[in-house]
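These notes are about the structure you will find just below.
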Amino acid sequence: MASSTIGTSDGDEAVELVVCDAAADADGLTASEEITPLLTQAEKPKVNIFTVSYSPRKPREQVIKYPEMELSPLTKFVSWVWNGSRYSGLLCMSISSTIYFFMEVVSDAFSAQSIPLFEIAFSRCTMILILSFIWLRRGGQPIFGSPHARSLLVLRAIMGYLSLSSFIYCIQKLPLSQAILLSFTTPIMASISARITLHEKLKIAEIGGLACSLFGVLFIFRQMLTTTGGSLKVGEAGNVNVKGMHHIYAVLVGLFSSITGGISYCLIKAGAKASDQPVVTVFSFGLLASPAAGICTFSFEEFVMPALDSFFLMLVLGVLAFFAEIFLARGLQLEKMSKVANVQYTEAALSQLRAMSSSGFAPSFGRLIGCLLIIVSVCSTLFVGPDKEMD
């Protein structure tokens, strides 16, 4: 700013004149005008019409959709079981065992034509593959899981398919009671494998619970182990007594199924935790098992074109197997192995209670004691609940 000052002094009076440069005032005015639009532009988004109209619209959509989900009791129950309780792991395994029991009921209730072993495995694994793929895609989850978990998923798929195929073979080559008894050693193998590979601690109460449930299964099938009655048939020539070395070989295959199944449970637990998504473990199993079972179907057996009712039954069992595997993987992900493994014996108790309620089986002391042992063991596991370290 340029100025000139003229001062005069006459007695006590003083006069001072200050002259300001007009150009400087114009410059200051221009700078003020340049700053003002910037301030105005910064404030404009607050009164933007699109912003004002969008903000109340989004909450309104949420209010409309959210009550629709709340109106479904099934959705609320599944959400609570899946991740809404500290007992979710035990509840998921209980639902999985119940679904497997329901699969048995459906198979017995609807008679169908004889389907070869690998064709049955192929249909179920294909349904598991398709449904798990849809689940992952709709949820926006990675199909193949996290990169650091893929080796676990591959091993899980291999062990799972070996366990499945050998178990079905065991069912066809051994009496049904012996095959089921061998399959119910899988929870024991899983607990031992978890102790070795995952370094999970086995408490005395947990060992006692598993032993109690296993003794319950032994009580249930004690009489049937020496019985070859017609009430134990499964399909055509699917339950003949194999003598000598063939019988030993079939028993070894059943033990192999239990061991690989126990290892597969540990890999499911590790893979689900590493990828933070239990469905990925189910998808990896179907991705390997479906083509493998298909190759075995056309290589070692004669393909049988199923009738319409048989095809529909295979689809239903495949869907049930998918949900059973989903809840099983979720239970293994959330809970300690020895606890959820003990809950799996629920299937044996439910099957026996259903058999005793039908006209084909007369209640016996051994069956009642066996069911009581399993129920007491499983209920005690549910009552104690999950470990604090798992929370």
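Assessment of segment 139-147 against the conditions (modelled with pLDDT of 90 or more and surrounded by fewer than 16 Cβ atoms within 10 Å (Cβ to Cβ)) yields no matching residue. Scanning segment 88-118 for residues that are modelled with pLDDT of 85 or more and touching a Pro at 6+ places or on another chain (Cβ under 8 Å) gives G89, L90. Is it the case that F383 is assigned by TED's automatic domain parsing to the domain that holds T281, in a helix (DSSP H, G or I), without any contact (Cβ under 8 Å) to a residue 12 or more places away in the chain and on the phi < 0 side of the Ramachandran plot? Yes; evaluated as a whole, the condition is true for this residue. Scanning segment 363-370 turns up at least one residue that is out of contact with any Phe, Trp or Tyr (no Cβ under 7 Å at 6 or more places or on another chain), part of a loop (DSSP other than H, G, I, E, B) and modelled with pLDDT under 90. Among the residues of segment 295-324, which ones are assigned to a helix (DSSP H, G or I) and either among the β-branched types (V, I, T) or over 28 Å from F101 (Cβ atoms) (or both)? Those that are assigned to a helix (DSSP H, G or I) and either among the β-branched types (V, I, T) or over 28 Å from F101 (Cβ atoms) (or both): I295, T297, F298, S299, F300, V316, V319.
The values are calculated or read from the model by the stated rules, or taken from the named source; none is laboratory data. Note that the structure is predicted; figures quoted are calculated from it, not measured. Note that each Cβ is placed from the backbone with ideal geometry, even for glycine, and that neighbours are counted across all protein chains shown.
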